[in-house]
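S.K.: Please read through the structure below; I'll follow up with questions.
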Amino acid sequence: MIHVIAEIETTEGRREAFLEEFNRVVPLVLDEDGCLEYGATIDARTGIERQAPLRTNAVTIIEKWSNNDALQAHLDSEHMAAYRERVVDHVAGATLRILEPA
């Protein structure tokens, strides 16, 4: 199993537009072979002292894939290529962390 944490820094004021485009592609991704989980999250207001400062221009995407081949097929899919073109002006930066169970 492969876990993916994609941290997206959105362009100032464009987080909602990014999320709209992201949510359009979610059903297509969930239908992909090997996709076990795929969804966007934003920082929660909790009042917990140890929580890192809230980020208003950030989206963290949580993914789970059956294996690396399924993840690679996802990254190479036509709908993801089209999605990346649609969000290019909404994204200021991104990091991708790919993990496996310890």
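The values are calculated or read from the model by the stated rules, or taken from the named source; none is laboratory data. This one's a predicted model, so the numbers in the text were calculated from it and none came from an experiment. Cβ sites come from the backbone with ideal geometry, for glycine too, and all protein chains shown count toward neighbours. Note: accessible area is taken over every heavy atom of the protein model, side chains too, but ligands, DNA and RNA are not part of it. Shrake-Rupley method; radii C 1.70, N 1.55, O 1.52, S 1.80 Å.
S.K.: Evaluate the following for residue 76: is it at pLDDT 95 or above, open to solvent by 20 Å² or more (accessible area, probe 1.4 Å) and over 14 Å from the mean Cα position of the chain (by Cα)?
M.R.: Values: at pLDDT 95 or above: yes; open to solvent by 20 Å² or more (accessible area, probe 1.4 Å): yes; over 14 Å from the mean Cα position of the chain (by Cα): yes.
Judged against the criteria, residue 76 is a match.
S.K.: Additional query: Restricting to the stretch 1-43, and then to whatever is basic (Lys, Arg) and under 14 Å from the mean Cα position of the chain (by Cα), can you tell me which residue is farthest from residue 77 (Cα to Cα)? Don't jump to the end; show me each part of the working.
M.R.: Here is the first cut: in the stretch 1-43, the residues basic (Lys, Arg) are 14-15, 24.
Imposing the further condition that a residue be under 14 Å from the mean Cα position of the chain (by Cα) reduces the set to 15, 24.
Numbers: 15: 24, 24: 15 Å.
Residue satisfying both the conditions and the ranking: 15.
S.K.: For the stretch 87-102, enumerate the residues that are touching a residue at least 60 places away in the same chain (Cβ under 8 Å) and either among the hydroxyl-bearing types (Ser, Thr, Tyr) or not in a strand (DSSP E or B) (or both).
M.R.: First, pick out the residues of the stretch 87-102 that are touching a residue at least 60 places away in the same chain (Cβ under 8 Å): 87, 89-101.
Those that are touching a residue at least 60 places away in the same chain (Cβ under 8 Å) and either among the hydroxyl-bearing types (Ser, Thr, Tyr) or not in a strand (DSSP E or B) (or both): 87, 89, 90, 95, 100, 101.
S.K.: Would you point out the residue of the stretch 34-51, among those that are of a type in the set (A, V, I, L, M, F, W, C) and within 17 Å of residue 93 (Cβ to Cβ), that is least open to solvent (accessible area, probe 1.4 Å)?
M.R.: Going residue by residue through the stretch 34-51, those that are of a type in the set (A, V, I, L, M, F, W, C) are 35-36, 40, 42, 44, 48.
With within 17 Å of residue 93 (Cβ to Cβ) added as a condition, the list becomes 40, 42.
Numbers: 40: 41, 42: 84 Å².
The selected residue is 40.
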